[in-house]
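The values are calculated or read from the model by the stated rules, or taken from the named source; none is laboratory data. No experiment lies behind these values; they were computed from the predicted model shown. Quick reminder, even Gly has a Cβ in these numbers, built from the backbone with ideal geometry, and neighbours come from all protein chains shown.
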Amino acid sequence: MELTQRIAASETSIFKAVFPNTTNHYDTLFGGNAMQLMDEVAFIAATRFCRKKVVTVSTSRIDFNHPIPAGSLIEVHGKVERVGRTSLDVKVQIIIEHMYSDLREQAIEGTFTLVAVDDRKRPIPVI
């Protein structure tokens, strides 16, 4: 499978409802919960891309552009953006989908770098 096909086939989205137990004192999605969801989607997309064990080694800047209120639906979407020898970058976005309207807007965006590893946790080629 060629690289562009592999990238397309590994795109990953999960959908969640934002319930009060995941919000902060402002009644918006807690940033740590958002980052956990983003890391999970990055991991899934990277694994689907290379079908190897991967670990997160870093994140670039994560921009929290809009608060995500309780009672919203969110889509957490990841796409492989860069492929290196042993690592790859996955761009992850959280999109707010208002529960009772068609309005959707990007709320959070960041990039996660993951490395393929062997059973001894040493880096190996992603492809």
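Computed quantities for the displayed model
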read-out	value
Those residues of region 55-95 which are among the polar types (S, T, N, Q) and either within 11 Å of the chain's Cα centre (by Cα) or closer than 25 Å to T22 by Cα (or both), in sequence order	T56, S58, T59, S60, N65, S72, Q93
Residue match in region 96-106 (condition: within 11 Å of the chain's Cα centre (by Cα) and either surrounded by 19 or more Cβ atoms within 10 Å (Cβ to Cβ) or at pLDDT 95 or above (or both))	no
Complete set of residues in region 85-96 that are in a strand (DSSP E or B) and either within 25 Å of K53 (Cα to Cα) or touching a residue at least 60 places away in the same chain (Cβ under 8 Å) (or both)	S87, L88, D89, V90, K91, V92, Q93, I94
Criterion: within 20 Å of S10 (Cα to Cα), over 11 Å from the mean Cα position of the chain (by Cα) and in a loop (DSSP other than H, G, I, E, B) - qualifying residue of K121, K52	K52
Residues satisfying the stated conditions in region 61-84, i.e. assigned to a loop (DSSP other than H, G, I, E, B), surrounded by 15 or more Cβ atoms within 10 Å (Cβ to Cβ) and small (G, A, S)	A70, S72
Odd one out for T111, checked against (1) hydroxyl-bearing (S, T, Y); (2) part of a loop (DSSP other than H, G, I, E, B); (3) at pLDDT 95 or above	(2)
Hits in region 114-127 - residues which are surrounded by fewer than 20 Cβ atoms within 10 Å (Cβ to Cβ), within 22 Å of T4 (Cβ to Cβ) and at pLDDT 95 or above	P125
Matching residues, region 16-39, being in a helix (DSSP H, G or I) and surrounded by 16 or more Cβ atoms within 10 Å (Cβ to Cβ)	T22, N33, A34, M35, L37, M38, D39
